[in-house]
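Undergrad: I am attaching a structure below and will ask some questions about it afterwards.
Please treat every number below as a calculation from the coordinates, not as lab data. Given the structure is predicted, the values throughout are model-derived calculations rather than measurements. Every residue, glycine among them, receives a Cβ derived from its backbone with ideal geometry; neighbour counts consider all protein chains shown.
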Amino acid sequence: MWPHSVELSASGEASLVTRWLAAGAVVNDTPLRAATLEELMERYVDGDSGAFDLLYQRSSPKLFGYLLRLTRNRERAEDLLQVTFAKVHRARGSYLRGAPVLPWFIAIARRSFLDERRSAKVRTEDLSPDGTLPEPKGEGGELGNDVTEALERALGSLPEAYREAIVLTKITGLSLAEASEVLGATPTALKLRVHRGYAQLRERLEEFKRR
């Protein structure tokens, strides 16, 4: 059971991020704060509510950044972040103790995004006249100031397979092996995607410079 009450949204998903932030639990346990993500996850599985607060604090920025680059829409990314942590809670019993936590979280976030996209594709009112799902409209400045606008535009213009490979390995910081597990590809195939993605990224940046 959750240590704090959880309210469900109209869609039935628990607004976990909102409730946990509202709870505002202060964790003064120094050993807990010094724990790795994997140690925090184990303590969370064992029922330590304070471990979840730190798990969220440490992992949500990278998860949100990843989802933001997938969706290119801040509101959707925020919603998917909540969905991701709801699924993490439900699946916590299946966590393999000692396994890297961030790749597991990202895999759940990616599946949540793909599920949402598949659901959107069956809503015919959302489809364009040629039967394809239109790209989400981004809002100015919503990706923050950590990278230049030109780089974000160039990255967003890459084929999805190349973009994900670069985001996971170079921006989110996963190893080739970890990113391969998330994407269901071999490390060799992923390395090739990164290489080809970088080549196209350089071309896109040159095009933007000439405009």
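Undergrad: Put +1 on the Cβ of each Lys and Arg and -1 on the Cβ of each Asp and Glu in segment 40-127; which of ALA91, ILE108, SER59 then has its Cα farthest toward the positive end of the dipole?
TA: Final value for the positive-end residue is ILE108.
Undergrad: Moving on. Hey, what do the phi angles of segment 35-41 turn into as Karplus ³J(HN,Hα) couplings, whole Hz, using 6.51/-1.76/1.60 and θ = phi - 60°, x for Gly and Pro?
TA: Result, rounded to whole Hz: 6, 6, 4, 5, 5, 5, 5.
Undergrad: What order do you get for VAL88, VAL45 when you list them from fewest to most C-beta neighbours inside 10 Å?
TA: On the way: VAL88 23, VAL45 14.
The most exposed by this proxy come first: VAL45, VAL88.
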